[in-house]
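Asker: Can you read through this structure? Questions will come right after.
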Amino acid sequence: FFSRLATMWSALGFGGGEEKEAEQPTNSEMRSVKLEQKFEKMSVKETFDLMFSKELIIGYQESQGNKDVEVSDWKEITTDEDKASSVTRWERTLKYTVPMNVPLPKMMADSMGMVDTIAVNTETATLKDGVYTVTATCELTGPPMCNKVDIKPTFTVMAAPEDPATGFVVIDIQFSFNVWGLATMVESTMESGVQKGFSDLLATAVKMASEKKA
């Protein structure tokens with residue numbers, strides 16, 4: 001969903017021409033959206049394994065129309081300083097392609113910079129005191145506007161306060177649309193897109209959890 005927003009910008013006409021940074025002021029005010037989801041009768045580890053399973057990530061990305069989805073295995077990168085603080089740390093990458101799906105002749109699309117977007121996400125997970133925290137950064141290559149997307153999600157996976165036998169996921173998404181002259185209507189659409197993307201991911205996880213229990 002990170003890069004699909006960039007593709008949408010191109011479709012709305014923001015993708016063509018050279019950018020003149022010196023002449024165009026930007027609005028990079030960070031906003032935030034918080035989403036929560038409980039997973040009953042699932043431990044914290046089971047909830048983490050589900051939320052970041054290759055099955056979920058690949059299935060979700062492909063359901064969004066993305067292709068060439070690659071998810072690496074988690075690699076432990078715990079440092080001596082981490083160990084001294086009883087922290088375990090891992091890292092992995094997620095790579096996928098968002099096809100340019102605007103119905104225009106290829107020559108016209110190419111001239112407007114409307115090309116496939118390649119997204120490479122780097123996810124870092126830490127475990128401390130039974131709580132997983134995962135941060136993600138995304139690098140995009142493709143339409144000229146894709147580098148104006150700034151979305152920084154933080155996932156927290158822990159036991160539900162009222163029930164230790166229930167997994168609890170909190171996603172805190174910080175984001176900004178660093179685009180000069182972005183119309184309020186378009187800005188609102190982008191904000192809705194951010195929330196819907198993560199909401200759909202949680203909904204897919206809930207469905208998978210139910211199917212595994214059946």
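The values are calculated or read from the model by the stated rules, or taken from the named source; none is laboratory data. These figures come from a predicted structure and were not determined experimentally. Every residue, glycine as well, gets a Cβ built from its backbone with ideal geometry; the counts of neighbours run over all protein chains shown.
Asker: Being polar (S, T, N, Q), at pLDDT below 75 and assigned to a helix (DSSP H, G or I), is that true of even one residue in the range 145-160?
Answerer: Within the range 145-160, the subset polar (S, T, N, Q) is 147, 154, 156.
Those left that are additionally at pLDDT below 75: 147.
Filter once more, keeping what is assigned to a helix (DSSP H, G or I): 147.
The answer is yes, given that some residue of the range 145-160 is polar (S, T, N, Q), at pLDDT below 75 and assigned to a helix (DSSP H, G or I).
Asker: Now a separate question. In the range 85-103, which residue that is over 15 Å from the mean Cα position of the chain (by Cα), at pLDDT below 95 and of a type in the set (A, V, I, L, M) is surrounded by the fewest Cβ atoms within 10 Å (Cβ to Cβ)?
Answerer: Filtering the range 85-103 for residues that are over 15 Å from the mean Cα position of the chain (by Cα), at pLDDT below 95 and of a type in the set (A, V, I, L, M), the one surrounded by the fewest Cβ atoms within 10 Å (Cβ to Cβ) comes out as Val102.
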